[in-house]
Amino acid sequence: MKTILTTLNAKYIHTSLALRWLYVANKDRFDISFREFVIRDDVHKIANDLLALNPDVIGIGIYIWNVEKSMELSSLLKSRKPKLILIAGGLEVSYEPEHFLNTGTIDFVVSGEGEFVLGELLSTIANNQYGNHSRINIESVSYPHHINKMQAKVSLPKLAGLPSPYMLKEDHEDRKNRIVYFEASRGCPYQCTYCLSSLEKGVRYFPLEYIFQNLKYLIGSDARQVKFLDRTFNLNHEHACAIFDFLIATYKPGLSFQFEMIAELLTDEMIYQLNEMLPPHYFRFEIGVQSTCEPTNQAINRKQRFDILAANIQKLVDGQKVDLHLDLIAGLPYESFERFKKSFNEVFALRAKEVQLGFLKMLRGTSIRRDAGLFGYQFNQQAPYQIICNNYLTAGELKRIHTVEQTLQIYWNSGRFVRTFTALFDIAYKGRYFELFDEIGQYHETLPSSGRNFQLEDIFLHLYKFLLSNGIDLFRELREDYYSCFKIRTRGFWENRMEKKKRNQLRYQIGNDKKFLRTYQLTRKIIEKQTAIDAIDEKNLLLTVFCSDGSRMNPLFLNYPIG
Ligand code: SF4
C-alpha cells in the first residue's frame, strides 16, 4: 500500500514541518513519501503529479491558506481515482471534521498532532478493515457518521527519538533557498479568542539536547533562514535563554533566526544580553500587540500591559540588534476606526522595522467565531473567513484600513524610505502615522493607475508629488533612498531634471578632469559607466558612484558650472 503525504504551501520558500514529522514517524513501517506544492500551482498538474506516483492513500495537510484549493484537489483526485483513500489533517480540519467529511471527497480526518495516529490508521487500512467503518475506532480519527474530535497530542520526547525531520536528504538540495521551520515547544498557555492555538492545553518542550543537536546540524548546513514555530518562544525563560546562548555562541554570518515573542516577558537582563552580544540582523522577533485598547483586549482574552510591552520594545529598538516585527489586528471587538487609529499610532511610534497590519479572520473552531453575533460580525464564509464589518467598523472603514495596510507595506515595511520617513516624521506627522499612510493611500486611489502594481519609479514619484501637494519638499531624502535601492547606476524617478545630452557631456568633462579623478581615486571609466550625476542647482552637482562590489561611495558634491 503506497501512501503519499502532501500539502500546498503558501509560497515556494515555505516548507511544511508537519509533513516531515508525519513522514519520519511512519517511514520505517510503511511505503510512504511526501510531495509539497504551492497554492499557485495548477490543480490539474498537482493531481497528475500525485497520481503518477500510483498511490493507494494520499494524506493532505489542510490549513487556512490552502483549504479551498485542497478541497478542489481532493475532489479532482477522487473523480480521477475513486478507490484512492484520502486522509485530511491540519489545523483547518481538526476542529470541524464533519464539515470536510460532508463534502464526500475526504475519507478520514485526523484531528490534532497526527504523527502516530496516522500510523494506526494506515495499519488499519492496510489490514483491509477499511470498508467496515464500524471496526475503526481510533481516537482523533473521524469518518462519515463517526466524529471523534479528540485532539491527538504526542509526547515530544517520543518525537525526539525519531529520525530527525531537519536532516532529511530530501532537503539537502534546496535548503538554502527555503525557510526551515523548527520547533522547540508545542502549545500555548494563552486563550486569545480568535486563535486556534488557544484550544490546546498546556505547553510541552523538546529536550534541550535534541534542540541543540538539530540546530548544530542546521548551522553546519547551507540553511539561511530558520523560523521557530513556537507560539510563545520566551514563555519559559530558562529554555529560551539556553537556546539564545547556544545560537549566539554558534553564530554564522548569512544565517538568521525568527521567533514569536511575548514582549512583556522579556527581562532587562535578557534585553541587555541581546543588545550587547547579538550580531545585527541575526534574530528577528515577531511580537503580537494586536490592540492597545483595553476593553478590546479583555474581550479577546488577552491580558496585556502595553506600558511594559512598549518599554521593552523601545529598549530593543534602541539596541539596534534585533529586527522587530510588530503585529496589529484590525476588526477586533470594541475597536472603532478612531480607536484603531490610536492603536496603530501607539504601536507605530515604537518605530519597529516592520509593522504588520492584519485583519481578523473568523477561524473554524475559535470562540470568536462562535460568538460572532455578540459583536455583530459579518464575515466571508470562504477561507480565510475575513470579516466584512462588525458593530464598531463599517465595511467602508475596513476597506480604508486595507488601503493603509498596502501603503504601509510599500512605504515602511519595504525598508526603502527610511531617510524620507525619518525626516517626514520630524517635520510633520509626528504621532500621526496612521493619518500619513491613510492620506498617501487616498492619494494613490485618485491616480489613474490606481489598482495596478506600481513600478518602483512610480512609487517614489507618487510620494514625491503627494508630499509636494502638502507643501513638503523631501526630494533629497527621496533621491538618497532611491539610490539605496540599487547596486548599479540607475535612471532617476526625476529623470527629466537634466537632459540626457547634458548629462553625457558632464560625464565626459568630469571623466577627463584628471585632478578630480586623482583626488577621489576614480577613473574615467567609473565616471562614464558607474556614476549617476544630478544637478543640485546651477553651479553644483551631486555624483553618486556605484562601486563594482555593489556598495556606493559617499555622495560627492562638486562645484561645476552646468551651463
Ligand atoms: S494569539 Fe498567540 S498568544 Fe494568543 S493563543 Fe494564539 S498563539 Fe497563544
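Pick out the one residue from PHE100, PHE108 that is under 29 Å from the mean Cα position of the chain (by Cα), farther than 29 Å from TYR205 by Cβ and surrounded by 18 or more Cβ atoms within 10 Å (Cβ to Cβ).
PHE100
Quick check: is even one residue across region 268-281 at pLDDT 95 or above and within 16 Å of the ligand (Cβ to nearest atom)?
No: zero hits.
Filter region 381-404 down to the residues that are in contact with a strand residue (DSSP E or B) (Cβ under 8 Å, 6 or more places away or on another chain) and either assigned to a loop (DSSP other than H, G, I, E, B) or within 17 Å of HIS462 (Cα to Cα) (or both) and list them by number.
PRO384, TYR385, ASN390, LEU393, VAL404
With the requirement that a residue be more than 14 Å from ALA423 (Cβ to Cβ) and among the acidic types (Asp, Glu), what does region 464-514 give you?
GLU495, GLU499, ASP513
Take region 131-170 and flag every residue that is more than 29 Å from the chain's Cα centre (by Cα), hydrophobic (A, V, I, L, M, F, W, C) and within 16 Å of TYR95 (Cβ to Cβ).
Scanning region 131-170 gives VAL141, ILE147, MET150.
If you go through region 517-563 one residue at a time, how many are in a helix (DSSP H, G or I), touching a residue at least 24 places away in the same chain (Cβ under 8 Å) and surrounded by fewer than 17 Cβ atoms within 10 Å (Cβ to Cβ)?
The total comes to 2.
Residue check: is ARG284 under 24 Å from TYR429 (Cβ atoms) and either assigned to a loop (DSSP other than H, G, I, E, B) or in contact with a Ser or Thr (Cβ under 9 Å, 6 or more places away or on another chain) (or both)?
no
Kindly establish whether LEU5 is surrounded by 22 or more Cβ atoms within 10 Å (Cβ to Cβ), modelled with pLDDT of 95 or more and part of a helix (DSSP H, G or I).
The answer is no for LEU5.
Looking at the structure I just gave you, is ILE488 at pLDDT 85 or above and either at positive phi or crowded, with 17+ Cβ neighbours inside 10 Å (or both)?
The answer is no for ILE488.
Which condition does PRO189 not pass, out of (1) within 16 Å of the ligand (Cβ to nearest atom); (2) touching a strand residue (DSSP E or B) at 6+ places or on another chain (Cβ under 6 Å), if it passes all the others?
Here PRO189 clears every test but (2).
Would you mind finding the one in LYS158, LYS176, LYS201, LYS169 that is closer than 25 Å to LYS227 by Cβ, surrounded by fewer than 16 Cβ atoms within 10 Å (Cβ to Cβ) and within 16 Å of the ligand (Cβ to nearest atom)?
LYS201
State whether the residues of region 203-222 include one that is in contact with a Cys (Cβ under 8 Å, 6 or more places away or on another chain) and farther than 25 Å from ALA311 by Cα.
Checked against the condition, which is being in contact with a Cys (Cβ under 8 Å, 6 or more places away or on another chain) and farther than 25 Å from ALA311 by Cα, region 203-222 yields at least one hit.
Checking the conditions here, which among GLY396, GLY376, GLY358, GLY365 is at pLDDT below 95 and of a type outside the set (Asp, Glu)?
Just a single option satisfies the conditions, and that option is GLY365.
Would you check if there is a residue in region 430-439 being closer than 30 Å to LEU199 by Cα, surrounded by 13 or more Cβ atoms within 10 Å (Cβ to Cβ) and within 25 Å of the chain's Cα centre (by Cα)?
Looking through region 430-439, none of the residues is closer than 30 Å to LEU199 by Cα, surrounded by 13 or more Cβ atoms within 10 Å (Cβ to Cβ) and within 25 Å of the chain's Cα centre (by Cα).
Quick test of your reading of the structure: ILE262 fulfils all but one of (1) loosely packed, with under 13 Cβ neighbours inside 10 Å; (2) within 19 Å of the chain's Cα centre (by Cα). Name the failing condition by number.
Failing condition for ILE262: (1).
What helices (runs of 4 or more DSSP H) completely inside region 410-491 contain at least 2 residues that are in contact (Cβ under 8 Å) with a residue 24 or more places away in the chain and of a type in the set (A, V, I, L, M)?
418-427, 456-469
Have a look at PHE246, PHE257, PHE206 and point out the one that is more than 16 Å from the ligand (Cβ to nearest atom), buried (at least 16 other Cβ atoms within 10 Å of the Cβ) and without any contact (Cβ under 8 Å) to a residue 40 or more places away in the chain.
It is PHE257.
Count, please, the residues in region 360-378 that happen to be outside any loop (DSSP other than H, G, I, E, B) and either touching a helix residue (DSSP H, G or I) at 6+ places or on another chain (Cβ under 7 Å) or over 23 Å from GLU92 (Cα atoms) (or both).
Count: 2.
Going residue by residue through region 210-225, is there one that turns out to be within 14 Å of the ligand (Cβ to nearest atom), more than 17 Å from LEU17 (Cβ to Cβ) and out of contact with any Lys or Arg (no Cβ under 8 Å at 6 or more places or on another chain)?
No; the residues of region 210-225 include none that is within 14 Å of the ligand (Cβ to nearest atom), more than 17 Å from LEU17 (Cβ to Cβ) and out of contact with any Lys or Arg (no Cβ under 8 Å at 6 or more places or on another chain).
Which pairs turn up if I take residues in region 285-302 that are in contact (Cβ under 8 Å) with a residue 40 or more places away in the chain and look for partners that are buried (at least 19 other Cβ atoms within 10 Å of the Cβ) and among the hydroxyl-bearing types (Ser, Thr, Tyr) with beta carbon separation below 7 Å, at least 6 apart in sequence or on another chain?
SER291/SER343; THR292/SER343; CYS293/SER343; ILE300/TYR194
The values are calculated or read from the model by the stated rules, or taken from the named source; none is laboratory data. Since the model is a prediction, treat every value here as computed from it, not as a measurement. Reconstructed Cβ throughout: ideal geometry from the backbone, glycine too, with neighbour counts over all protein chains shown.
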